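Enquirer: The structure's right below; bear with me while I get my questions together.
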Amino acid sequence: MSNKRKPDQLVQSLDRALNILEKIVKSDDGLGVTELSNSLGLHKSTTYRLLATLAYREYVKQDSKNDKYKVGIKLFELGNLALNKLEVRNEVRPFLEELMAKTGETIHLGVIDDSEVVYIDKVESPQTIRMYSEVGKRAPVHCTGLGKVLLAYSSLEVIDKFIEENGLPAYTNNTITEVDIFKKHLDKIRRQGFAIDNVEHEEGIRCIAGPIFNYKGNAVASFSISGPTMRVTEDKISDFVELVRAYSKKMSRALGFIG
């Protein structure tokens, strides 16, 4: 959870190409050469050459109807390969499926990367009304169950640095935005072994999350039971908390944790 400093050996063309890829991935409808060059401060000719190379390697593709560039098949291939190589994802997947079967709610698996939570797996609820999320998407740390439980098991130095660099912006009226209260909240999470996102990130959504420890005792990932408040009620929280505690132990033991 630290700001990245550009290396002295930075390859500018590669850096620019990756910036283009990230812009396209985050766009819903694709982006044209002009849009990309303006947003990244690049000449059109430079942008076009980089896009042509990315298209040749199938990382992007051009829509013949509007000439905009969208994500290509190669990114999906590499993304799936990368996810499948994550040990924690492979080891805990059966437990995520069990949890969904027991609760009927969406189960997420996440890690912290560059001061954000990244969803690395999910088991979707069969319910018609459910939380919207996608594997690979990012979410804030300080107001999600996944993020809070991982931050709670970090060192005080990491917590202080995170708050200093990112702040505690409000996403809903329930988001904890005061530093002292937030630190006490993290201490409580660490003592009780779970975190609750009580409509702190998205309106109408409540999550209960637990940590997953590796064999060294480090919290390397977290998982959550997530659903609309109409189903994940205050009365249900106690039942879900017991499940989260139990499965936190099961998943951690699958990674070699014996504590």
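Enquirer: Would you mind ranking 100, 230 by Cβ crowding within 10 Å, fewest neighbours first?
Expert: Ascending Cβ contact count within 10 Å gives the list 230, 100.
Enquirer: Please report the net charge: other residues with Cβ closer than 12 Å to the Cβ of residue 211, K and R +1, D and E -1.
Expert: +4
Enquirer: State, as an integer percentage, the relative contact order of region 41-156 based on alpha-carbon contacts under 8 Å between residues 6 or more apart.
Expert: The value is 14 percent.
Enquirer: What's the magnitude of the charge dipole for region 170-240 around its Cα centre, counting Lys and Arg as +1 and Asp and Glu as -1 at the beta-carbon? Answer in Debye, nearest 20.
Expert: Values: 9 positive and 10 negative charges, 81 e Å.
The dipole magnitude comes to about 380 debye.
Enquirer: Name the residue farthest towards the positive end of the dipole of the chain from the options 192, 224, 119, assuming +1 on Cβ of Lys and Arg, -1 on Cβ of Asp and Glu, about the Cα centre.
Expert: Working it through, the farthest residue towards the positive pole turns out to be 119.
Enquirer: Name the long-range amide H neighbours of residue 221: under 5 Å, sequence gap of 5 or more, or other chain; modelled H, no Pro or chain starts.
Expert: Here the answer is 212, since their amide H atoms fall under 5 Å of that of residue 221.
Enquirer: I would also like to ask the following. Test of understanding: ordering 175, 106, 229, 144 by Cβ neighbours within 10 Å, fewest first, what list do you get?
Expert: Fewest-to-most ranking of 175, 106, 229, 144: 229, 175, 106, 144.
Enquirer: Loop only by DSSP, 12 or fewer other Cβ within 10 Å of the Cβ. Give me the trypsin sites (Lys or Arg not before Pro) in region 189-259 that pass, ordered by residue number.
Expert: Listed in order of number, the matching sites are 216.
Enquirer: Order of 148, 122, 183 from fewest to most other C-beta atoms within 10 Å?
Expert: Numbers: 148 27, 122 21, 183 16.
Final ranking by Cβ density, sparse to dense: 183, 122, 148.
Enquirer: Under a 10 Å cutoff between Cα atoms, tell me which one of 33, 71, 11 has the largest fluctuation in the Gaussian network model of the chain.
Expert: Of 33, 71, 11, the Gaussian network model singles out 11 as fluctuating most.
Enquirer: Any chance you could list the semi-axes, whole Å, largest first, of the equivalent ellipsoid that the Cα gyration tensor gives for the chain, using √(5λ)?
Expert: Semi-axis lengths for the chain are 36, 21, 19 Å.
Enquirer: Which of 76, 162, 240 moves the most in a Gaussian network model of the chain with Cα springs under 10 Å?
Expert: 76
Enquirer: Same structure, new question: Let's see if you can work this out: charge +1 on each Lys and Arg Cβ, -1 on each Asp and Glu Cβ, no other charges. What is the dipole magnitude of the chain about its Cα centre, in debye to the nearest 20?
Expert: Value, rounded to 20: 600 debye.
Enquirer: Right, next: Output wanted: per-residue J couplings in Hz (rounded whole) for region 227-239, from phi through Karplus 6.51 cos²θ - 1.76 cosθ + 1.60, θ = phi - 60°, x for Gly and Pro.
Expert: x, x, 4, 5, 10, 7, 7, 4, 5, 7, 4, 4, 5
Enquirer: Pick out, in residue order, every one of the GluC sites (Glu not before Pro) in region 175-259 that is DSSP loop and has at most 13 other C-beta atoms within 10 Å; say none if there are none.
Expert: Sites meeting the loop and neighbour criteria: 178, 203.
Enquirer: Same structure, new question: Within straight cross-link reach of residue 216, meaning Cα distance under 21 Å, which lysines are found once same-chain residues fewer than 8 apart are removed?
Expert: 85, 148, 249, 250
Enquirer: HN-Hα J couplings of region 42-48 from phi, Karplus 6.51/-1.76/1.60, θ = phi - 60°, integer Hz, Gly and Pro as x?
Expert: With the stated coefficients, region 42-48 comes to 10, 5, 4, 5, 5, 4, 5 Hz.
Readers should treat all values here as calculations from the given coordinates under stated rules, not as data from a laboratory. Predicted model only: the values in this text are computed from it and were never measured. Cβ atoms come from the backbone with ideal geometry, glycine included; neighbour counts cover every protein chain shown.
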